[in-house]
Amino acid sequence: QVQLVESGGGLVQVGGSLRLSCVASGSRFGINSMGWYRQAPGRQRELVATITRGGITNYADSVKGRFTISRDNTKNTVYLQMNSLEPADTAVYYCNAYELPNHYWGQGTQVTVSS
């Protein structure tokens, strides 16, 4: 069973930056894709960005050009660099890992952007 531990959330002002990290452990067969999702109060969880083992990335339109996802396969770690943060980015951010055939989730880390 894969365990995910996130870090890096916090409070930041509009226009600021944060970097989230997520370390995966317990993988037996190799993690295929990793990614970040977020959930704001009263809203459904939504995709932010994903990255495959080979480095192919996918972003939500709302974060393109501001967020960058990266991955260190040697450390089983995925990062999310968030720049030009906006109040609409306020949410709990969850790390996700896909190792066939299961999806795994971290406990979430709060990101709050104040105006």
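Numbers for the structure displayed
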quantity: Number of the condition not met by residue 114 [criteria: (1) touching a residue at least 60 places away in the same chain (Cβ under 8 Å); (2) within 15 Å of the chain's Cα centre (by Cα)]; calculated: (2)
quantity: All positions within region 77-87 that are modelled with pLDDT of 95 or more, of a type in the set (Ser, Thr, Tyr) and either under 19 Å from residue 53 (Cβ atoms) or touching a helix residue (DSSP H, G or I) at 6+ places or on another chain (Cβ under 6 Å) (or both); calculated: 79
quantity: Which listed residue, of 90, 74, 52, is open to solvent by 20 Å² or more (accessible area, probe 1.4 Å), over 15 Å from residue 4 (Cβ atoms) and modelled with pLDDT of 95 or more; calculated: 90
quantity: Elements of type strands (runs of 3 or more DSSP E) contained in region 18-115, each with 3 or more residues being out of contact with any Ser or Thr (no Cβ under 7 Å at 6 or more places or on another chain); calculated: 18-25, 33-39, 46-52, 67-72, 91-99, 102-105
quantity: Odd one out for residue 41, checked against (1) at pLDDT below 95; (2) over 15 Å from residue 109 (Cα atoms); (3) not β-branched (Val, Ile, Thr); calculated: (2)
quantity: Selection count where residues are in contact with a Phe, Trp or Tyr (Cβ under 7 Å, 6 or more places away or on another chain) and hydrophobic (A, V, I, L, M, F, W, C), scope region 33-57; calculated: 4
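The values are calculated or read from the model by the stated rules, or taken from the named source; none is laboratory data. What you see is a predicted model; the values in this text were computed from it and never measured. All Cβ positions, glycine included, derive from the backbone under ideal geometry; neighbour counts span all protein chains shown. Please note that ligands, DNA and RNA were not included when accessible areas were found on the heavy atoms of the full protein model with its side chains. Shrake-Rupley method; radii C 1.70, N 1.55, O 1.52, S 1.80 Å.
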